[in-house]
Structures are given as structure tokens and as C-alpha cells.
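Report on the structure given below.
Just so it is clear, none of the values below were taken in a lab; they were calculated from the coordinates. Everything numeric here is computed off the predicted structure, so don't read it as measured data. Heads up, the Cβs are rebuilt from the backbone with ideal geometry, glycines too, and the neighbour counts pull from every protein chain shown.
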Amino acid sequence: MSLAAQQSADLDTQAFVRFEKVQKSYDGEILVVKDLNLDIPEGEFLTMLGPSGSGKTTSLMMLAGFEPATHGEIYLGGESINNVPPNKRGIGMVFQNYALFPHMTVAENLAFPLHVRNMNKSEVEAKVQRALEMVELPAMGGRRPAQLSGGQQQRVAVARALVFDPKLILMDEPLGALDKQLREQMQYEIKHIHENLGVTVVYVTHDQAEALTMSDRIAVFEDGVIQQLSTPDDLYERPQNSFVAQFIGENNKLHGKVSKIDGDIASVDLDGGGSVRAAAINVGGVGDRTTLSLRPERVEIEPAEGATDNAITGEILELIYLGDHIRTRMNVSGNTEFIVKVPNNAGNKPLAEGAKVKVGWQATDCRALDPLT
Amino acid sequence: MTDATISNADAPLLAADGTPLKEKLALTTRRMKMRAFLLTVPLVLFLILSFVLPIGQMLYRSFHNPAGSNVMPNFAKAIKGWDAEQGTPGDDIIKIFVTDMAAARKNREVGKTIGNLATRVNYEIPGSRSLFTKTARRAGKITEGPYFDALVKIDKRWDNPNLWRTLQRVTEDYTLSFYLAATDRKYDETGSIVLADELYRIYLPILWKTIWMSALITALCFIIAYPVSYLLSTLPLRTSNLLMILVLLPFWTSLLVRTSAWIAMLQKSGIINNVLVYLQIIADESRIQMIYNITGTVIAMVHILLPFMILPLYSVMKTIPPSFMRAARSMGASNTYAFTKVYFPQTIPGIAAGTLLVFILAIGYYITPALVGGSDGLLISNLIADHIKKTLNWSLGAALGTILLVVVMVFYWIYNKLVGVDNLKFG
């Protein structure tokens, strides 16, 4: 095999986007991104999810080329782009507030990246029209951005990032300014565009529901580090640490001390009294503190004797009727924010506030993770 | 019931008590409107007294000068019908002239003395002042006709029909003379409008100079202010606030102090010249004249007017999010391309506001050119001030002022055509 062929074979196996030991500091004192290693294959929809200040937007800006990495390499298509200016990277970007140029019409906005590339007039017109049709705004070319609704501006912004056929699209909280209903609709639309075009998308958001809806994989950022990188269902059902469990979806926490470890199962003495069995995911040895994570929908009220691995008595503090289920806030082992989602089934016994009831769950649904204070 | 509602569809809507809805609405909002109006009354009064009335008076004074008819009311009426083509006026008119002159000599009322008339005629015929004082002094002694011969005996110049033609013009209350003078024109001896003698053409050249110097000052301000404003708008708030104070500092310093500081800096034995001599860049005997000329005026005025350019530019740039430039860059635009196509067009409202503000301030600037302009660096306002304060030719001052006002309004109009006034953004 010739050297060139060898290299191209290497390229094929290499990730499309790769962060390698990337660090970023703005002031020389605090690392905003601590040690980022991330491979993104071509065609993937990857979401960087995390609270504000977690380093997700900084990572995106480094990929776009607006912030230099303090240390480490970023590769795009197998080549290091650390020294490539943003305009030479060929990356489409959708900004938080769309950044549509207010002094240009929608069509001029879309034509901007094409004019930069010195495309001829008929080609520009054809591409602009096709992009407008893709986002279902075929007749809006002559309008100014200010004359469009928020959702329409959003679509134009997406179209503008796509119109010059980039291989990679970055989106920085693009739906943050929309109301809930529109946001959900746009999530599906962006997802469909991604599926149809097969481009690689790196999406930044702090909204976990948005991340779960849209992504192939989600990287949960916190404190400049990726806490977990998995598919949405993995992330929700198998969080690897307490932060992820807490950040993704609704979560019941129970604090306690490990009393015994038996293979995959740990026995935990709860601080508020009682002992439960849980999946040992991220615990130290016997005697170490741990925080248990338990999804509200995995808890059963008044389970049959022996049907669940754990059973413990709690007090009902509040009932909220939500139609399909009843949200029940309980005091379980000293945790007064313990939530149980009781399905609204015909056979269920009516619950009463102040009543003491038994709650139970399987050991595998309850994950023993690193202790939270 | 429904039928009635339908048939009344065209009738005005009624409130619950039967009065038409519009009337009712007007009634309820009247108190509010009254209160809103009352709040503006002090300002309206102030504007009328300090702005509308003086400007109106100035405009009026520039073409209305009743000196002639005030001093010689009867003669003013008598000469009205006289036709200059027939030579000097008839003796009946001259008799009235002589009696009016004699009466005017005794008059001590302000604005009605013979001196007022002499000054007024002197504007038209330089050097004619003595003719009037002399004639007035002797007019009382002329008791019988022919009056014309008596006048000619006092001074031969009375034999000239053109003098009478000037008198006829001067005794009319409404006159274009001052506008002619302000545009370096005059009535010649036969009464037609001609350019003034080359030596006396001062106003138009100075007006042109005022316009191009204002344009130059505006352009310099823009060149200096644009990068500074950009820097201010991109720096973190703490740093930009500090720099902003430096920009505003000149605002808080007295105009006189600032101008005097420039004198200390720029004069021949000033700091800059001293440093240049000390560094042996120039020889001691060839110190540069940087003040009391156009250079001095331009430097000092650019310094003083700079904040007026920076502030609107800054406030507009502040509203342009950095994501615009980033978006342009991400789409493949080089820095220059992104700047010219995306950033610059969005700063145009600020540029428009800044240049308009600076130009209009510069074109009417008075104190700085007066202090550092010498004779070269004088602007039209200095001439206006001269006429108001020194020569006391208020009508000419008013005419110059009106022309300046018109020039400003013309520029504003052109500007509106080019940029659109609703595009202006001061902050």
C-alpha cells in the first residue's frame, strides 16, 4: 500500500471533527474548557448540553474559529484547523439571535455566502430559491428580517447556514428566543433537515428536552469537562454520575452510606433511615458515601409484597393532578422532594395527602452514584 | 331588536348612555390631553421667547430697515412716485427733503436722527456720510426756493440723479440691499444689481471657506472618531467606561480653557514648536505657524467637536452584536469584506447623525475661530458677530445669519435626500 493510500485510509477511519486535549482559558487563571477529547463522525447530530458557564459554547466557538484554543488540536476532516481563520473553515453557523443582517433582504442574506464565493448570478438565484423552499419560505425573499416572525427568522438563519453546502453546521442555542410551541416545531424541522441532507451538526443548548429530542449523541458539559457522552436514552436511563442524573430529566435523590457490595448490587443505608439495594455504578467501597438516583416513573406505590427489590414507607405531602398521571410529592427517608408519577389507571386506589404509603422500586432502576453534598 | 341593530349599522356607535362613542372618548381623554399640554407650556413659551421670536426678528430685520422713512417720513412718501429717468426730482420734492432734513437735525429720538439716515446711505454709497451731516446742518437756513439750487450750493453732489435714486431706494422700508451686500453684490449707479468691487467681495469667499472648513472638520472628526468608537464599543464595559470619560472630559472643561490650551500648545513659542526645535527637526528661526490661521482653527475645532461624532457612532456601534461579524466570517467573508458589507452599512445611521451634528455645529462656530483663527481662520459667524457688536449694521448681520440658516437648511435637505432623516440615530 502506498503512503498516500495509507493516509487516506487513516482519514476514513478518523472522526470528521476531533477535539484532542483541547484546553481554553480566557484570563490565564481559570480553565473554561479543561481537557476536551471528542470525536464526531460525519453525519452525526451531536449536542453539547450543559448549564451556562460549562464550556459548551466556548468549545463551539473554538470549532468555529472565533476563539483560539489555548492548548490542544482541533481537526476537521482529518486536518488541524487551529491556524485556519473562520472564513476558510467552510463551517455553517446558526447564532443564538440569528444574526441576520438587518440591512439586507432575506434573499440578500442567503446570497451573502454565495457572493463571497464569487458564484455567478443565476447560480446564486437558484441556490437561494432552493434554500428558501427547503425552509418553506419560498415567497419571503424580498422581505427584511425585521418583517419576519421569530420562527421565520430562525428558518432563514438555518437556510443561510446551509445555502453554501457546508459539511458541518454549528448551532448555538438557535431556538432560545422562540416560544415553547414554536421551539418544539422547529426542533423537528431542524432534525428533518439534518436527516435529509446528511450534514454533520454540532448543536449547543442548555435545554435537556431539546437535546433529547434532536440528537444522535449528547455530550453533557459541566465545569469544562464532558461528564458523559452517550445517546439520549443511555443518558436518561444510565447516567454515569450524579450531575448527569440530576441534569437530565427528573430525578429523586437519596443520600446514604454503602454497607455492602455484592457484585453489581450495593446495599445502602439511607441517612433518613432504612436500607435499600441499588445498582453499583459509581461508588467507592463499603463505608463510602453515595447518592442514589431514581427516576420518578420507576417508583411504584403500594407494590405487591416481594414484587420490588426495595420497599420503604413514605408520607404523601402533595398531590398534583396532571390528567395522564398524578404527580405525588412525598417524604421518603427524609427527602421531602421525592416525586412519584402515579399513572392515572382505573384500578388505582385514590391517594390522600398526609397518608402513609409504601413505595417500592427495582434495584436496577436505582443507581448508586458519586455522593452529592 | 336584531333588525334595528342591522339597520343602524351605518349610524355612529353609541356609548351606553346614548352619546356617540367618539364624543364620549374625546370627553374622557380631554383631561389627559390638557394635562399633557400643560406640561409642555413652559418649554413652548421658552422656545417662543428665546428661539422663534429672535429668529423671526432677525429674518425680518434682514430685509426691513426703516431708517430712511423714520428720519424723513414726508420725503419718503413724496419720492415714491418719482422716476429717476427724468433727472433730479422737482423742486416740490426737494422742498420736502430740505424741511425733513431740517426737522431731522433737531430730532434726538433714537433711530430718527440724521445720523441714522447718514449711516444707512453710507452702506449704499461709501463716503457719503459727511454730505448728509453737512447738508442737514445748513438745511435749516434754506428758507426759499429754488431749493435744488440751494442744495447744489451746499454740495455739488446733489446735482447727481443717481444720488436721488439711492435716496429713493433707501427710504423704502423693505429692501434687498443687505442680502445683496451679504452676497458681495450691490446696486450700481443706475439701480441694477452688479458684483461689488473685487476689494469689497468678502462675504461669499468667507461663506465658501466656512463651508469647506466645516466639511474638512467633519471629515477629520469622522476619520478620528470611527476607530475610537469601534474600540469603545468592543471593549469590556469597565475599560470602555474609563475611555468614555476621557472622551467626555473635554465636554466638562470650559471652552475657553480648551481653546487657550491649544494656543499654549500651538503657538510659535509653544510646546510643539519648542519640542521640534529641541529635537532639531526644525531650526529655531523656522518655527511653524500653527495657530492664528486655518490650521489652528481646524485643529481646535476638531478637538472640540470630536465628542459629537464619537457619541452617536458609539451608541450605534454598541447596538451591533458581534455575532453579525462572526456570522459573516463563518460564511466565508474576509475581515475586510465582512466590514464593508455587514458592519459599515449598519453604522451609517450613526455616521449620518454624527456628521450632520458636527457639520452644523462647525458651520456656525464662533468662539474658537475668534480666538485661534487669526485673520485667515475666521468663519462667517465671526463676521456676523462683528456686524452685530462692532459695526452695528444689524441688518447686514441678520442677512448673513439668514443666509447661513438657509445654507444649513439646504444641506439638511440634501442630507435628507441622501441618507433619510428617519435613518438618523443619536443614541
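On a full-extension model of 0.36 nm per residue, what is the gain between B:N162 and B:S128, subtracting their alpha-carbon distance, rounded to one decimal in nm?
Additional length available on full extension: 11.0 nm.
Note the angle between two axes, namely the Cα long axis of helix B:129-139 and the longest principal axis of the Cα atoms of chain B, as a number of degrees from 0 to 90, rounded to the nearest 10.
40
May I ask you to evaluate 6.51 cos²θ - 1.76 cosθ + 1.60, the Karplus curve with θ = phi - 60°, for each residue of the range A:250-255 and list the ³J(HN,Hα) values in order in whole Hz, giving x for glycine and proline?
8, 8, 9, 9, 9, 9
When Lys and Arg each count +1 and Asp and Glu each count -1, what net charge do the other residues less than 13 Å away from A:V94, Cβ to Cβ, add up to? Intermediate values should be presented prior to the final figure.
Values: positive: A:R155, A:R160, B:R326; negative: A:D172, A:E173, A:E189.
Summing Lys/Arg as +1 and Asp/Glu as -1 gives 0.
For the ranges B:165-178, A:315-328, what's the packing order if you count other beta-carbon atoms within 10 Å of each residue, average per peptide, and put the highest first?
Packing proxy ranking, top to bottom: B:165-178, A:315-328.
Could you compute the net charge surrounding A:A64? Neighbours are other residues with a C-beta less than 14 Å from the C-beta of A:A64; K and R count +1, D and E count -1.
Net local charge, A:A64 excluded: +4.
Is it possible to state the helix-based mean residue ellipticity at 222 nm for chain B, with each DSSP H run of 4+ residues giving -39500 (n - 2.57), the sum divided by total residues, to the nearest 500 deg cm²/dmol? What is it? All intermediate terms of the calculation are to be shown ahead of the outcome.
Numbers: 22 runs with 285 residues, N = 427.
Dividing the helical sum by the residues of chain B leaves -21000 deg cm²/dmol.
Apply the a/c threshold of 1.5 to the C-alpha gyration tensor of the range B:203-423 and tell me whether it is rounded, prolate or oblate.
Because a/c hits 1.5 or more and a/b fails to exceed b/c, the range B:203-423 counts as oblate.
Which percent, to the nearest 5, of DSSP beta bridges fully inside the protein assembly as shown are antiparallel?
Taking every DSSP beta bridge within the protein assembly as shown, about 75 percent pair in antiparallel fashion.
For the pair B:K22 and B:I223, what calculated FRET efficiency results from E = 1/(1 + (r/R0)^6), where r is the Cβ-Cβ distance and R0 = 51 Å, to the nearest 0.05? Don't skip to the answer; put the middle values down first.
On the way: r = 56 Å, r/R0 = 1.11.
After rounding, the FRET efficiency stands at 0.35.
Beyond 27 Å between alpha-carbons counts as too far, so tell me which of A:K121/B:K318; A:K180/A:K358; A:K121/B:K341 fall in that bin.
Working: A:K121/B:K318 34 Å; A:K180/A:K358 37 Å; A:K121/B:K341 18 Å.
Long pairs (Cα-Cα over 27 Å): A:K121/B:K318; A:K180/A:K358.
For chain A, what does the alpha-carbon gyration tensor say about shape, rounded, prolate or oblate, given a ≥ b ≥ c as the root eigenvalues, a/c under 1.5 as rounded, and a/b over b/c as prolate? Could the numbers behind the result be given before it?
Details: a/c = 2.77, a/b = 1.73, b/c = 1.60.
Judged from the Cα gyration tensor, chain A comes out prolate (a/c at least 1.5, a/b above b/c).
To the nearest 10 degrees, how steeply does helix B:114-124 sit against the main Cα axis of chain B, on a 0 to 90 scale?
70
Quote the FRET efficiency, to the nearest 0.05, computed for A:T313 versus A:K180 with a Förster distance R0 of 41 Å and r equal to the Cβ-Cβ distance.
0.60
B:A215 versus A:H325, label points 7 Å from Cα toward the beta carbon: distance in nm?
Each label point is offset 7 Å from its Cα along the Cβ direction, giving 7.6 nm.
Using only helices, what value at 222 nm comes out for chain A when you add -39,500 (n - 2.57) per DSSP H run of length 4 or more and divide by the total residues, to the nearest 500 deg cm²/dmol?
Values: 9 runs with 95 residues, N = 373.
Helix-only estimate at 222 nm: -7500 deg cm²/dmol.
Using the structure shown, select from A:K167/A:K191; B:K77/B:K112; B:K80/B:K186; B:K112/B:K186 the pairs with a Cα to Cα distance greater than 18 angstrom.
Numbers: A:K167/A:K191 16 Å; B:K77/B:K112 16 Å; B:K80/B:K186 21 Å; B:K112/B:K186 25 Å.
Beyond 18 Å between Cα atoms: B:K80/B:K186; B:K112/B:K186.
Farthest toward the dipole's positive end in chain B, which of B:L378, B:N107, B:S233, given Cβ charges of +1 (Lys, Arg) and -1 (Asp, Glu) about the Cα centre?
Looking along the dipole axis, the top candidate is B:S233.
If you add up the charges near A:N252, with Lys and Arg at +1 and Asp and Glu at -1, over every other residue whose beta carbon is less than 12 angstrom from its beta carbon, what do you get?
Every neighbour counted, the sum reads +2.
Quick one: grab the alpha carbon gyration tensor of the range B:68-173, order the square roots of its eigenvalues as a ≥ b ≥ c, and give me rounded if a/c is under 1.5, else prolate or oblate depending on whether a/b is larger than b/c.
It comes out rounded by the Cα gyration axes.
Note the angle between two axes, namely the Cα long axis of helix B:380-389 and the longest principal axis of the Cα atoms of chain B, as a number of degrees from 0 to 90, rounded to the nearest 10.
So the inclination is approximately 50 degrees.
Please enumerate, by chain and number, the aspartates and glutamates with C-alpha under 18 Å from the C-alpha of A:K127, excluding those fewer than 8 residues away in the same chain.
A:E108, A:E136, A:D165
B:E172 to B:V41: FRET efficiency via 1/(1 + (r/R0)^6), r the Cβ-Cβ distance, R0 30 Å, to the nearest 0.05?
Details: r = 40 Å, r/R0 = 1.34.
So the FRET efficiency works out to roughly 0.15.
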